[in-house]
Amino acid sequence: MDSFLLSQALAAVAFTCGVVSFQCKKRRNVLLWLCASALTNACHFFFLGRNGAGTLYVVMGVRVFTAAFTTDRRLMYVFMALIVAGFFFSYERPLDILALFGSLLPTYGNFQKSDRKIRLVYMACAVTWMIHNYLAGSPVAVLMETTFLVSNLVGYYRIYRFELKA
């Protein structure tokens with residue numbers, strides 16, 4: 001199998017892990033599936049020769065994995081500082097500000113104790129990335145974020161529907 005086909009297979013696995021994550025109830029399970037999604041996506045980018053994007057996804061994977069085992073705010077601030085530093089070194093256009101918020105939101109969400117809060121923050125994150133991706137002209141990325149948002153909404157309703165009626 002050539003590198004491109006392998007990269008696309010890995011992207012499909014990453015996408016599936018992201019969708020599955022929001023169907024889990026336990027906070028740690030949600031985060032571990034998101035970690036699997038990020039690390040698989042990193043491999044996808046490495047196979048495409050996109051080492052910058054691959055490295056960013058490795059950092060995301062480490063962030064989510066760390067958050068699966070701790071909610072220590074100091075670590076959240078370390079990851080936020082890394083994101084902001086990366087933003088300042090790579091800023092090219094105003095659209096990048098949406099990407100900054102799209103990266104800071106899940107960092108905040110990952111370190112919340114409540115899986116409910118994680119889900120709500122990730123819903124806001126998906127909307128942020130949907131707007132970013134639309135403005136960036138990437139319909140596939142818009143579709144992916146829309147799918148993540150719908151999966152998250154379905155998972156939220158499925159898990160909390162009885163509490164919503166009370």
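Each value in this text was obtained by applying a stated rule to the coordinates, not by laboratory testing. Fair warning: this is a prediction, and the values are worked out from it, not measured in the lab. Virtual Cβ from ideal backbone geometry, glycine too; neighbours counted across all protein chains shown.
If we count other beta carbons within 10 Å of each Cβ, what is the order of I118, I159, fewest first?
Least to most surrounded, the residues fall as I159, I118.
One chain, two ends: V150 and T70. Fully extended at 0.36 nm per residue, the span grows by 26.1 nm beyond their Cα-Cα distance. Sparsely packed loop sites in region 2-44 (the trypsin sites (Lys or Arg not before Pro) outside DSSP H, G, I, E and B with at most 13 other Cβ atoms within 10 Å) comprise K25, K26. This ranking places S138, S103, S3 by how few other beta-carbon atoms lie within 10 Å of each, fewest first, which gives S3, S138, S103.
Find, among the GluC sites (Glu not before Pro) in region 63-166, those assigned to loop by DSSP (not H, G, I, E, B) with at most 12 other beta-carbon atoms within 10 angstrom. If you can, show how the numbers build up before the last one.
Values: sites: E92, E145, E163; in loops: E92.
Those that pass, being in a loop and sparsely packed, are E92.
Between helix 139-165 and the chain there is an angle of about 10 degrees, using the helix long axis and the longest principal axis of the Cα atoms. The angle between the Cα long axis of helix 3-21 and the main principal axis of the chain comes to about 20°, on a 0 to 90 degree scale. Take every pair of alpha-carbon atoms less than 8 Å apart whose residues are at least six positions apart; their mean separation over the length of the chain yields a relative contact order of 22 percent. Against the empirical curve 2.2 N^0.38 Å, the C-alpha radius of gyration of the chain lands at a ratio of 1.02. Compute the relative contact order of region 88-166 as a whole-number percentage, counting only Cα pairs closer than 8 Å that sit 6 or more residues apart in sequence. Once normalised by length, the contact order is 26 percent. What angle, in degrees between 0 and 90 and rounded to the nearest 10, separates the Cα long axis of helix 73-90 from the longest principal axis of the Cα atoms of the chain? The helix 73-90 is inclined about 30 degrees to the chain.
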